[in-house]
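Here's the structure, in structure tokens; my notes come after.
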């Protein structure tokens with residue numbers, strides 16, 4: 001019968017060797033096994049090695065230096081999940097499907113994204129490119145790791161306190177404590193996810209905002225980029241005239257999630273609905289830029305190809321920011337779209 005140490009040794013011996021001179025694993029799952037055996041955390045670099053300029057800078061300025069490895073490898077097993085574009089480079093990625101699954105799981109929006117996580121996949125730190133070289137980067141990692149682990153303990157405690165609350169008074173107190181923490185925390189959104197769920201409970205517990213927690217939760221969730229249908233509904237309920245700018249915050253979060261034609265159409269519909277109501281606008285230049293971007297999407301035949309929507313959006317953009325940098329371009333777009341639609345620009 002194998003001993004525990006013998007089992008670990010066989011597991012490590014059978015695992016694929018790390019890449020980059022033995023420093024980085026390309027297989028996340030194998031890296032987790034090693035991290036468990038060595039009682040370390042994981043540093044996971046989501047990168048586009050052959051096309052992402054900031055990824056190349058991070059590699060050249062930090063990841064190619066012994067000063068980084070001599071410090072980082074004491075605490076982390078290093079994982080590089082690559083998303084290349086060149087067919088030859090793509091062919092060398094051992095498990096692209098698993099990489100894509102992890103990218104979606106952790107909502108990776110851009111490269112490089114560097115996540116610090118434990119062997120259970122719980123993220124306690126997030127960063128990317130940082131200037132200053134390997135020593136500064138290692139110090140930066142230490143700072144966010146320490147703060148993240150401390151926050152992880154607090155998040156778990158606050159989440160459990162809310163779950164254990166037995167009556168309305170206790171739930172309100174636990175909810176308030178969770179919101180207080182969200183208000184002051186600068187931790188990575190993935191680490192705060194349990195408390196985002198707690199914050200959404202305010203829309204039920206304080207549905208009419210009598211304790212002020214419904215509105216406060218909507219504001220905090222949007223400030224943290226947590227937009228969804230439930231948050232948008234809360235924003236429209238608690239700030240129907242956009243006097244606190246919550247509907248604008250919804251649009252900001254929504255446009256940041258636009259990644260395909262369907263999402264672009266949905267954003268167009270919501271933006272036009274907002275602009276056509278004549279509600280208070282808190283940040284006219286930002287709304288003008290949103291309208292101008294959406295106008296371009298709709299004007300392009302290869303994209304949404306809706307010149308009527310594009311014309312309406314371009315007019316809104318020009319009205320909101322008539323002296324802005326895009327004003328002349330918008331005037332030309334309005335004239336062209338007026339001709340395409342058979343209406344006056």
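Taken together, the values in this text are just the output of simple stated rules run on the coordinates, not laboratory data. Worth saying up front: this structure is predicted, and the values here are computed from it rather than measured. Glycine gets a Cβ as well: all are built from the backbone with ideal geometry, and neighbour counts include every protein chain shown.
In the chain, helices alone account for a calculated mean residue ellipticity at 222 nm of -18500 deg cm²/dmol, with every DSSP H run of four or more residues adding -39,500 (n - 2.57). Between region 33-51 and region 277-321, the C-alpha centres lie 42 angstrom from each other.
For the chain, averaging the sequence separation of C-alpha pairs within contact (under 8 Å, six or more residues apart) and dividing by the residue count gives a relative contact order of 9 percent. Compute the angle between helix 189-200 and the longest alpha-carbon principal axis of the chain, please, reported from 0 to 90 degrees and rounded to the nearest 10. For 189-200 against the chain, the angle is about 50 degrees.
Panel values: region 239-345, Kirkwood radius from alpha carbon pairs, Stokes-Einstein at 25 °C and 0.890 mPa s, translational diffusion coefficient 178 µm²/s.
Taking the longest Cα principal axis of the chain as reference, the axis of helix 229-238 is set at about 50 degrees.
Legend: ranking of residues 49, 75 from fewest to most surrounding C-beta atoms inside 10 Å; resulting order 75, 49.
A crude spin-label estimate for the pair residue 23 and residue 279, with each label 7 Å from Cα along the Cβ direction, gives 5.0 nm. For region 102-132 and region 235-256, what is the separation of their C-alpha centers, rounded to whole Å? Taking the Cα centre of region 235-256 as reference, the centre of region 102-132 is 28 Å away. As a proxy for reagent exposure, 166, 157, 40, 171 were ordered by neighbouring Cβ count within 10 angstrom, fewest first; the result is 166, 157, 40, 171.
Using only the C-alpha atoms, the convex hull of the chain corresponds to 175 Å³ per residue.
Among 296, 169, sorting on how many other beta-carbon atoms sit within 10 Å of each Cβ, with the fewest leading, yields 169, 296. Classify region 143-273 from the C-alpha gyration tensor, please: rounded if a/c falls under 1.5, else prolate or oblate depending on whether a/b exceeds b/c. Cα axes put region 143-273 in the oblate bin.
Against the chain, whose longest principal axis is taken from its Cα atoms, helix 307-320 shows a tilt of about 90°.
Shown for region 4-146 is the translational diffusion coefficient from the Stokes-Einstein equation, using the Kirkwood radius over Cα pairs, a temperature of 10 °C and a viscosity of 1.306 mPa s: 103 µm²/s.
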